[in-house]
There are 2 protein chains.
Amino acid sequence: MVERRMNKAERDAPDRASMRRATSAEVAHLAGVSRSAVSRTFTLGASVSPETRRKVLDAATALRYRPNQLARSLIMNRSLIVAVAISYLDNHYYPQVLERLSAWLSGAGYRMLLFITHGEQHFDPVLEELLRYRVDGVILASSAQSLRLAQECVKAHVPVMMFNTADRAAAIPSVIADNLKAGSVVTEYLIAAGHRRIGYIAGIAGESTSDDREAGIAQTLSRHGLPPHRRAAGNFNIPEALSAFETLRAGDDPPDAVICANDHMALAVLQVARVRLGLRPGQDISIIGFDGVEIGASPGFDLTTYAQPIDLMVEALGAGLMRMIDSRSTIGEQVVVDGDLVVRASARRPASGMVLMDDGREIWRPKT
Amino acid sequence: MVERRMNKAERDAPDRASMRRATSAEVAHLAGVSRSAVSRTFTLGASVSPETRRKVLDAATALRYRPNQLARSLIMNRSLIVAVAISYLDNHYYPQVLERLSAWLSGAGYRMLLFITHGEQHFDPVLEELLRYRVDGVILASSAQSLRLAQECVKAHVPVMMFNTADRAAAIPSVIADNLKAGSVVTEYLIAAGHRRIGYIAGIAGESTSDDREAGIAQTLSRHGLPPHRRAAGNFNIPEALSAFETLRAGDDPPDAVICANDHMALAVLQVARVRLGLRPGQDISIIGFDGVEIGASPGFDLTTYAQPIDLMVEALGAGLMRMIDSRSTIGEQVVVDGDLVVRASARRPASGMVLMDDGREIWRPKT
């Protein structure tokens, strides 16, 4: 049932005539200054005397004048808008990224035009639209199709950066954690805790983040002369992660430690292990994720995870994109950032190597 | 450590001259049609013959022409952008709303300019910016300051709708669930399950959603001749929700059923009850939330909750705003939508009243 309550009578209908917007000429007239002075007052960094500025602002307030950002964008050839394309928000890592990115861009005078692509395979309509809005730059996060979309942006001469996925060969500017190292550290941790049978619930094949983490696992096991890891694909979604977990457990000599390609899958696996299978994570089985989502720290999860340094990554992302926008170039950097293995209760703890940080987190570092 | 990998040498620097954008005149010339035909081809709903459209699109592709949305916006006096202001994304309900709203707006030809306000008390810079971009409409969600911001938008003749919070007196258009009824149904449920000592962890005082839910609780207890509920404020954030839970438990004759003003707080309370206090939710204590966030359904939570019909609410929100935009009016509807009490394991179950839905959910309806 939908109930609609109309309130027309409760409020005065606004007078149509009053809806006409004041022009800068009217502001200039009332303030007794030139139109150029009005324009300069509303341009960041433009020179205008304090007295003129005060007169203009008073007149603008009186007339409810607001400079038209769209018109100004056309004149400056800047929209001050960055498009952010993201596949899903159900992985809690991405809302955290959006929050911080929004704050960073806002501090730089930019706004975020948000595209949630729902994992669509056909990006062309999104791309077309994104380019039509003449956004100054594009950020692509968590999208299986990021690379192709990024290449289209470069062809269209729009600065673009990829977040949390990279393609070294195509040299698209990007910000990622050192995922090879992350996979290696997580594996060293499990080996130090006595695990020898390690399983990996992979993300989407061909996506650098999951592939690099897996390569780090494989290299580390091989370096220790241990048998290779078992694997099953969870494709970053919960139903497939849970059936991957079943597949791993159904095999011969099933793994007693399961590394998930991200926290989103690890949290689901952890819950099923505890509630449905009656296992005690950290004792009967070790479960580790990657990302460091906030909810993983809550007492019901207490998830051991390789945390990505989200603030550092967002800073590198914003700063990298701004450099490209300022130089009107599509050539940028591929930034790789270090993370930390955050020790909690979902995986068995090694005897040593723990370091207590100022922020209260306990992290683990392999002997080097 | 931040490692920067430059890849300048790996890619050809784009030729500056090639960055000049093709004009509609050039497209018209190549296609052998008028400029007006080019314009009509790129205008939704404008009349143009299939053959002309094909010629224009071929020429546009060849020249990499894209209509300038900003310029078109100025001409049409439409930006095709809706601003969405939201306080936080850590309450998982809001990423779910954003995903669905993004899909809805995209289907209507609109894009979402996202403002995350981080609960700022001073909205003036956000408001100024939002109005400068000449957005066609504004959606305000989950913000303690929504009402004031909404009133400023109305003053500036910008269509605005509030989501999940309402102010009947000010007659700002809004979409909310019937929160008074929601509070009542949840209380009837607990009474039917045998509870008599009910506690409420409230949201932010003065915010309609939490206040209405609480009024529903109070009225229902009074109607049954039961003692009033205990209350403590959790203000929609986890640390305060947990200390509110402590406050409720520390009192004389503590409640054996705790209603939280949203799932975000209920999930935290549920975890602390189970893991830290060793209570068995659904047996030793009943915990209920409001909203119906997806993670509440996972086996580690199994949260009984009054679910808001998110698809219906987003549909009402989008459609309501479009009606205002189309009529260039700030007068709209206050829409109130019904929800459902979703039965799971975190609260004791009454003997009867359960209905199994087609989508597999078990819901509870009070006898009427």
- Query: Going by the structure shown, is residue B:248 in contact with a Pro (Cβ under 9 Å, 6 or more places away or on another chain), more than 13 Å from chain A (Cβ to nearest Cβ) and in a helix (DSSP H, G or I)?
  - Reply: yes
Over region B:328-368, the set of residues in contact (Cβ under 8 Å) with a residue 12 or more places away in the chain and of a type in the set (Asp, Glu) is B:333, B:338, B:340, B:362
Exercise. Would region A:24-43 turn up any residue that is within 14 Å of another protein chain (Cβ to nearest Cβ) and modelled with pLDDT under 75?
Worked result: yes
Notebook entry, point to check: Does region B:137-156 include one or more residues that are part of a helix (DSSP H, G or I), polar (S, T, N, Q) and surrounded by fewer than 24 Cβ atoms within 10 Å (Cβ to Cβ)?
Noted result: yes
Selection over region A:205-241 where residues are surrounded by 18 or more Cβ atoms within 10 Å (Cβ to Cβ), among the hydrophobic types (A, V, I, L, M, F, W, C) and farther than 22 Å from residue A:365 by Cβ yields a count of 5
Expected single match for more than 8 Å from every other protein chain (Cβ to nearest Cβ), open to solvent by 10 Å² or more (accessible area, probe 1.4 Å) and at pLDDT 95 or above among B:292, B:360, B:278 is B:292
>> Taking the criterion of being of a type in the set (Gly, Ala, Ser) and outside any helix (DSSP H, G or I), would at least one residue in region B:311-321 satisfy it?
In response: no
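Provide a single number: the residues in region B:321-332 that are facing another protein chain (nearest Cβ under 9 Å) and surrounded by fewer than 22 Cβ atoms within 10 Å (Cβ to Cβ).
The qualifying residues number 3.
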Within region B:100-113, the residues that are touching a strand residue (DSSP E or B) at 6+ places or on another chain (Cβ under 6 Å) and either over 24 Å from residue A:293 (Cβ atoms) or surrounded by fewer than 21 Cβ atoms within 10 Å (Cβ to Cβ) (or both) are B:105, B:110, B:111, B:113
Considering residues that are under 30 Å from residue B:155 (Cβ atoms) and open to solvent by 50 Å² or more (accessible area, probe 1.4 Å), the number found within region B:333-357 is 0
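The values are calculated or read from the model by the stated rules, or taken from the named source; none is laboratory data. Note that the structure is a prediction, hence the values are computed from the model and not measured. Quick reminder, even Gly has a Cβ in these numbers, built from the backbone with ideal geometry, and neighbours come from all protein chains shown. For accessibility, only protein heavy atoms count, side chains too; no ligands or nucleic acids. Shrake-Rupley method; radii C 1.70, N 1.55, O 1.52, S 1.80 Å.
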